[in-house]
1. List pairs: first residue in segment 118-145 and farther than 15 Å from R79 by Cβ, second residue modelled with pLDDT of 85 or more and among the acidic types (D, E) anywhere in the structure, Cβ distance under 7 angstrom, at least six positions apart or on different chains.
2. Any idea which of L145, L125 is at pLDDT 85 or above and either surrounded by 12 or more Cβ atoms within 10 Å (Cβ to Cβ) or in a helix (DSSP H, G or I) (or both)?
3. Mind listing whichever residues of segment 64-74 are surrounded by 11 or more Cβ atoms within 10 Å (Cβ to Cβ) and in a helix (DSSP H, G or I)?
4. For R44, which of the numbered conditions (1) without any contact (Cβ under 8 Å) to a residue 60 or more places away in the chain; (2) over 22 Å from K131 (Cβ atoms) fails to hold?
5. Under the condition of being closer than 22 Å to V122 by Cβ and of a type outside the set (D, E), which residue from segment 33-52 is farthest from the chain's Cα centre (by Cα)?
6. Does Y120 satisfy the condition of being closer than 28 Å to E13 by Cβ, within 19 Å of the chain's Cα centre (by Cα) and either surrounded by fewer than 16 Cβ atoms within 10 Å (Cβ to Cβ) or not assigned by TED's automatic domain parsing to the domain that holds R21 (or both)?
7. Among residues belonging to segment 83-94 that are under 12 Å from G116 (Cβ atoms) and touching a Lys or Arg at 6+ places or on another chain (Cβ under 9 Å), point out the one that is surrounded by the fewest Cβ atoms within 10 Å (Cβ to Cβ).
8. Any idea which residue in segment 95-112 is surrounded by the fewest Cβ atoms within 10 Å (Cβ to Cβ), counting only those that are assigned to a loop (DSSP other than H, G, I, E, B) and without any contact (Cβ under 8 Å) to a residue 24 or more places away in the chain?
Amino acid sequence: MASSVGGDAGEGEWLKVTELRAMAEAQDPHVKEVDNLTLRRFLRARGHVVGKASAMLLKFMAWRREAVPGGVMPPELVRTELSREMASLGGVDRSGRPVLLAFPAKHFSANRDMAGFKRYIVYLLDSICAKYALFFYQETDEHNLWQGLAWH
């Protein structure tokens, strides 16, 4: 199951990705929607221990279904936070990767609705990841995709 996308993964790692998919799909059929590169990131995050990676992936999938029921955070749910202009997608860097600008002076913790703020963070990360995905599919270089997020 080797892939030309994703850099330095060997056959052994892709076999573990297949094993992770099988183990996780047995417990949650929605794992079929997760791509192999995402599974590989979960595998690497848990030191290539398939059982731990599966547990982490399943916890993430459960959280994601709860936090973002429709799969995408609609702007209507974060309209208040968006109107405060606490962060902005600021174009792209020299390599064409999107840049997220945050303005800490506009964050007031005393009057913050934590549930709304969490939705806002999910919305921002989904937005920037969608732009990274566009860059990724144009460049087909995973290192560039995740370089700014340091999720290796």
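The values are calculated or read from the model by the stated rules, or taken from the named source; none is laboratory data. Being a predicted model, the structure only gives us computed values, none of them experimental. Every residue, glycine among them, receives a Cβ derived from its backbone with ideal geometry; neighbour counts consider all protein chains shown.
1. none
2. Going through L145, L125 in turn, the sole match is L125.
3. Listed by number, the residues that qualify are R64, R65, A67.
4. (1)
5. A45
6. No, not satisfied.
7. Ranking the candidates gives R84 first.
8. Among residues in segment 95-112 that are assigned to a loop (DSSP other than H, G, I, E, B) and without any contact (Cβ under 8 Å) to a residue 24 or more places away in the chain, the one surrounded by the fewest Cβ atoms within 10 Å (Cβ to Cβ) is F108.
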